[in-house]
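Have a look at the structure below before the remarks.
The values are calculated or read from the model by the stated rules, or taken from the named source; none is laboratory data. Quick caveat: nothing in here was measured; it's all calculated off a predicted structure. Here Cβ is always computed from backbone atoms with ideal geometry, including for glycine, and neighbour counts include all displayed protein chains.
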């Protein structure tokens, strides 16, 4: 982590010393993150055999009467707690969209920054995937509605109930990365 903070990149061969040469690194626990100031969605999935199961999912809720700074602290602390409790090795975050409202974009950027700082602090690899790519991978249509994503996530992970839209987005992000290479156009993301 110290090398990362100083700007040095750890060679992939060193970072994946135990990996088989020529293979993509396999992650057993994947954290999906959909940042927002008032309702940051997250989802953790774990590989068990040939399938993925939901480990934990939910939202970091901040009441409307809270100052932004208080929300940012809650987001950062919750991410630290989740990473500490479940030990994911990678975080998949929703890519930025270009908002018409600059104020909204700045607030979303602050929430995203608070979450990502905590995650990077733990040394996790962070991948960004565009929202349309996630919807394409999960539902089969890049313009799918949130409820369609939530229902498909419920089916794919065999959940007894449909997760909230933000939690479903977190799970969908994790699943999209987990399914990388298993279908056309799935898992198109970039390391940030």
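Would you confirm, using the coordinates I've provided, whether residue 175 is at pLDDT 95 or above, under 14 Å from the mean Cα position of the chain (by Cα), surrounded by fewer than 22 Cβ atoms within 10 Å (Cβ to Cβ) and in a helix (DSSP H, G or I)?
For residue 175, the condition - at pLDDT 95 or above, under 14 Å from the mean Cα position of the chain (by Cα), surrounded by fewer than 22 Cβ atoms within 10 Å (Cβ to Cβ) and in a helix (DSSP H, G or I) - is not met.
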| query | In the stretch 1-34, which residue that is at pLDDT 60 or above and within 19 Å of residue 123 (Cβ to Cβ) is surrounded by the fewest Cβ atoms within 10 Å (Cβ to Cβ)? | reply | 26
| said: Test of understanding: among 110, 161, 128, which residue is surrounded by fewer than 23 Cβ atoms within 10 Å (Cβ to Cβ) and part of a loop (DSSP other than H, G, I, E, B)? | reply: 161
| Residue, farthest from the chain's Cα centre (by Cα), within the stretch 35-65, restricted to residues that are exposed (fewer than 15 other Cβ atoms within 10 Å of the Cβ) and not in a strand (DSSP E or B) | 65
| message | Whether any residue in the stretch 156-164 is at pLDDT 90 or above, within 13 Å of residue 41 (Cα to Cα) and in contact with a strand residue (DSSP E or B) (Cβ under 8 Å, 6 or more places away or on another chain) is what I want to check. | response | yes
| request: Return yes when residue 91 is within 22 Å of residue 123 (Cα to Cα) and at pLDDT 90 or above and no when it is not. | output: yes
| task | Might you let me know whether the stretch 96-106 holds any residue that is within 21 Å of residue 178 (Cα to Cα) and surrounded by fewer than 18 Cβ atoms within 10 Å (Cβ to Cβ)? | result | yes
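Scanning for something part of a loop (DSSP other than H, G, I, E, B) and surrounded by fewer than 20 Cβ atoms within 10 Å (Cβ to Cβ), does the stretch 69-80 turn up at least one residue? Working first, answer last.
Our first condition is that a residue be part of a loop (DSSP other than H, G, I, E, B); within the stretch 69-80, this holds for none.
No - not one qualifying residue is present in the stretch 69-80.
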| message | Going by what's in this entry, would residue 70 be described as modelled with pLDDT of 95 or more, over 27 Å from residue 156 (Cα atoms) and touching a strand residue (DSSP E or B) at 6+ places or on another chain (Cβ under 7 Å)? | response | no
| field | Meets criteria (free of Cβ contacts under 8 Å to residues at least 60 places away in the same chain, in contact with a helix residue (DSSP H, G or I) (Cβ under 6 Å, 6 or more places away or on another chain), surrounded by 14 or more Cβ atoms within 10 Å (Cβ to Cβ) and not in a helix (DSSP H, G or I)) for residue 137 | value | no
